[in-house]
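The values are calculated or read from the model by the stated rules, or taken from the named source; none is laboratory data. Computed from a predicted structure; not experimentally measured. As a convention, Cβ positions derive from the backbone with ideal geometry for all residues, glycine included, and neighbour counts pool all protein chains shown. All accessible areas refer to the heavy atoms of the entire protein, side chains included, with ligands and DNA or RNA removed. Shrake-Rupley method; radii C 1.70, N 1.55, O 1.52, S 1.80 Å.
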Amino acid sequence: MNNKAFYLETFGCQMNVVDSERIVELLGGIGYRQVDEPDQASLILLNTCAVRDKAVRKAYGHLGRFKPLKERNPQMILGMGGCIAQQEGKQLLKEFPYLDLVFGTHNVHRLPELVQQVADTRVRCEETEFLDRETRLQLFPSRTGKEAFTRFVTVMQGCDNFCSYCVVPYVRGREISRPSGEILDEIRELAEQGVREVTLIGQNVNSYGTKEKEISFSALLEQVNAIVGIDRIRFTTSHPKDLSDELIGCFGRLDKLCKHLHLPVQCGSDELLKAMNRGYTRERYLNIVARLRQVCPDIRLSSDIIVGFPGETEDNFAATMSLLEQVRYAEIYSFIYSPRSGTAAADIKDDTPAKVKQERFERMLTLQQEISRQIWEADVGTVQEVLVEGESKMGEGQLFGRSTWNRIVNFSGPAELAGRLVSVRISKSFRNSLLGELLEYC
Ligand code: SAH
Ligand code: SF4
């Protein structure tokens, strides 16, 4: 076993992806190198997600897999971070006697010291305290080093929305936004390192800067749009209630802003939207969609949908189905409601049988698959601009990239095109990707 080698598994959303990048950087700073196999590691870390029970069970399943390793090698340090760690805290140490270290979502920066402390003292430890706003502001990631043409840039963290089903506000804390100057500096630096596309991320980017009296999110986008070297901008996640007219206008105005918006609606029934505490009605949501399409006719939308929220009737579900037909999302991410302890919805009576929820879920998938198929098939024969991300897994001479609509496009071409925008004629549409032929490039 190598002395200072770590193995890291990341679950969940982009926020965890960015936190894991930070973990890699911080551990590198104390001499740890990352390895691909857990049995080569002296430190194993799981960065976890708590948003649904399935994600929690998956993380516990993986943790259990490391138990025999730990038994064989008691010197190895096993740690858990992320949203489960934040929610469960010390309890995890009680439940899993082979776990050495628990660190919360606000404590990633402390990881080097905590690891060192456990290594020196062999005393198991837990740190899941929420930090105050000022301290957190100091700790926003500013990353360097990783070679990639596309990167996530955190603009805000936390969530104040308290949708009734959601654990995020409890495990990520209150919203705070990063100073715009810092964000822009980071993006300029990334552009200098060769990054071509940035995705601005946060739990609720549309409310960026409100508390801090910062510039608006649309003003921030405008400034990112002006950065030389950056070719494409995306952002996620957007809450429909905070999508301003100014921001909608960006899709018509900013040439680098990709024509794709993930705008989770969750469901199509006003009664359930209210119970979910989403802060908009079906009509208002559809109005936003209409305005987006007015300023950018070929914008494509995606959404998250929850099926089987407590009390969902067949009529409520029919409203979600009709909304899918009306909006025609290019893609949806759908989930069966998963009760989260401590959230408001966990106390609502839920008498819909699991079988009924499953059957609704499948009906919805069938409908959406057909809508998505129609949308992506219509791309066959069109020429699309693709940002080449690198060689694909499909073999030598095969490249992949993404269209403005965030669709993976595979095609043949020379490896040196990585990082460039090229034109590709689409020849075939598959369930999760497109195939095309490279046209001339300059
Ligand atoms: N901040 C983002 C979403 C974060 S969670 C937003 O508001 O869009 C990602 C998705 O998980 C949510 O959009 C929702 O569809 C789903 N989700 C959250 N809590 C859930 C729960 N308890 N059960 C099922 N799905 C849930
Ligand atoms: Fe959860 Fe709602 Fe916040 Fe999204 S906006 S993270 S769904 S509480």
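Could you say whether any residue in the stretch 359-375 is without any contact (Cβ under 8 Å) to a residue 40 or more places away in the chain, over 25 Å from the mean Cα position of the chain (by Cα) and either in the same structural domain as residue 433 (by TED's automatic domain parsing) or outside any helix (DSSP H, G or I) (or both)?
Scanning the stretch 359-375 turns up no residue that is without any contact (Cβ under 8 Å) to a residue 40 or more places away in the chain, over 25 Å from the mean Cα position of the chain (by Cα) and either in the same structural domain as residue 433 (by TED's automatic domain parsing) or outside any helix (DSSP H, G or I) (or both).
Which residues, counting only those in the stretch 185-211, are under 21 Å from residue 421 (Cβ atoms), of a type in the set (A, V, I, L, M, F, W, C) and in contact (Cβ under 8 Å) with a residue 60 or more places away in the chain?
Hits for the stretch 185-211: nothing passes.
Going residue by residue through the stretch 295-302, is there one that turns out to be within 16 Å of ligand 2 (Cβ to nearest atom), not assigned by TED's automatic domain parsing to the domain that holds residue 245 and not charged (D, E, K, R)?
Yes; the residues of the stretch 295-302 include at least one that is within 16 Å of ligand 2 (Cβ to nearest atom), not assigned by TED's automatic domain parsing to the domain that holds residue 245 and not charged (D, E, K, R).
Which one of the conditions (1) open to solvent by less than 50 Å² (accessible area, probe 1.4 Å); (2) modelled with pLDDT of 95 or more does residue 18 fail to meet, given that it meets all the rest?
(2)
Could you list all residues from the stretch 159-212 that are among the aliphatic types (A, V, I, L, M) and either touching a helix residue (DSSP H, G or I) at 6+ places or on another chain (Cβ under 6 Å) or more than 9 Å from ligand 2 (Cβ to nearest atom) (or both)?
171, 176, 183, 184, 187, 190, 191, 195, 198, 200, 201, 205
Considering the stretch 223-237 alone, what residues qualify as being farther than 22 Å from residue 176 by Cβ and part of a helix (DSSP H, G or I)?
Answer for the stretch 223-237, where residues must be farther than 22 Å from residue 176 by Cβ and part of a helix (DSSP H, G or I): just 225.
From the residues in the stretch 220-245 that are touching a Ser or Thr at 6+ places or on another chain (Cβ under 8 Å) and over 15 Å from residue 153 (Cβ atoms), which one is surrounded by the fewest Cβ atoms within 10 Å (Cβ to Cβ)?
244
Within the stretch 121-158, restricting attention to residues that are open to solvent by less than 50 Å² (accessible area, probe 1.4 Å) and polar (S, T, N, Q), which residue is farthest from ligand 2 (Cβ to nearest atom)?
150
Could you give every pair whose Cβ atoms fall below 7 Å, whose first residue belongs to the stretch 108-133 and is in contact (Cβ under 8 Å) with a residue 60 or more places away in the chain, and whose second residue is of a type in the set (Asp, Glu) and open to solvent by less than 70 Å² (accessible area, probe 1.4 Å), counting only separations of at least 6 or pairs across chains?
108/19
Does the stretch 33-44 contain at least one residue that is under 22 Å from residue 130 (Cβ atoms) and either open to solvent by 40 Å² or more (accessible area, probe 1.4 Å) or in contact with an Asp or Glu (Cβ under 9 Å, 6 or more places away or on another chain) (or both)?
No, the stretch 33-44 has no match at all.
Look at residue 65 and say whether it is open to solvent by 10 Å² or more (accessible area, probe 1.4 Å), of a type outside the set (Phe, Trp, Tyr) and farther than 30 Å from residue 174 by Cα.
Taking the combined requirement at face value, the residue satisfies it.
If we scan the stretch 394-405, do we find a residue that is farther than 28 Å from residue 193 by Cα, out of contact with any Phe, Trp or Tyr (no Cβ under 9 Å at 6 or more places or on another chain) and part of a strand (DSSP E or B)?
Checked against the condition, which is being farther than 28 Å from residue 193 by Cα, out of contact with any Phe, Trp or Tyr (no Cβ under 9 Å at 6 or more places or on another chain) and part of a strand (DSSP E or B), the stretch 394-405 yields no hits at all.
Take the stretch 232-248 and flag every residue that is more than 16 Å from ligand 2 (Cβ to nearest atom), under 19 Å from the mean Cα position of the chain (by Cα) and charged (D, E, K, R).
232, 234 - these are the residues of the stretch 232-248 that are more than 16 Å from ligand 2 (Cβ to nearest atom), under 19 Å from the mean Cα position of the chain (by Cα) and charged (D, E, K, R).
Taking only pairs six or more apart or across chains, which ones have beta-carbon atoms under 6 Å, a first residue in the stretch 275-294 that is closer than 18 Å to residue 311 by Cβ, and a second residue that is away from ligand 2 (no atom under 16 Å from the Cβ) and open to solvent by 40 Å² or more (accessible area, probe 1.4 Å)?
Once the first residue is closer than 18 Å to residue 311 by Cβ and sits in the stretch 275-294, its partners that are away from ligand 2 (no atom under 16 Å from the Cβ) and open to solvent by 40 Å² or more (accessible area, probe 1.4 Å) give 281/270; 282/270.
Can you tell me which residue among 205, 198 is open to solvent by less than 40 Å² (accessible area, probe 1.4 Å) and either out of contact with any Phe, Trp or Tyr (no Cβ under 7 Å at 6 or more places or on another chain) or more than 16 Å from ligand 1 (Cβ to nearest atom) (or both)?
Just a single option satisfies the conditions, and that option is 198.
Which one of the conditions (1) at pLDDT 95 or above; (2) of a type in the set (A, V, I, L, M); (3) under 26 Å from residue 168 (Cβ atoms) does residue 43 fail to meet, given that it meets all the rest?
Of everything listed in (1) at pLDDT 95 or above; (2) of a type in the set (A, V, I, L, M); (3) under 26 Å from residue 168 (Cβ atoms), residue 43 misses just condition (3).
Can you run down the residue pairs with Cβ atoms below 7 Å, 6 or more apart or on separate chains, where the first is in the stretch 237-249 and touching a residue at least 60 places away in the same chain (Cβ under 8 Å) and over 23 Å from residue 15 (Cβ atoms) and the partner is of a type in the set (Ser, Thr, Tyr) and more than 10 Å from ligand 2 (Cβ to nearest atom)?
From the stretch 237-249, no pairs qualify.
Taking the stretch 165-195 as the region of interest, how many residues are within 11 Å of ligand 1 (Cβ to nearest atom), among the β-branched types (Val, Ile, Thr) and either within 22 Å of residue 255 (Cβ to Cβ) or open to solvent by 20 Å² or more (accessible area, probe 1.4 Å) (or both)?
1
What is the one condition in (1) more than 22 Å from residue 191 (Cα to Cα); (2) over 27 Å from the mean Cα position of the chain (by Cα); (3) not in a loop (DSSP other than H, G, I, E, B) that residue 409 does not satisfy?
Only one criterion in (1) more than 22 Å from residue 191 (Cα to Cα); (2) over 27 Å from the mean Cα position of the chain (by Cα); (3) not in a loop (DSSP other than H, G, I, E, B) is unmet by residue 409, namely (2).
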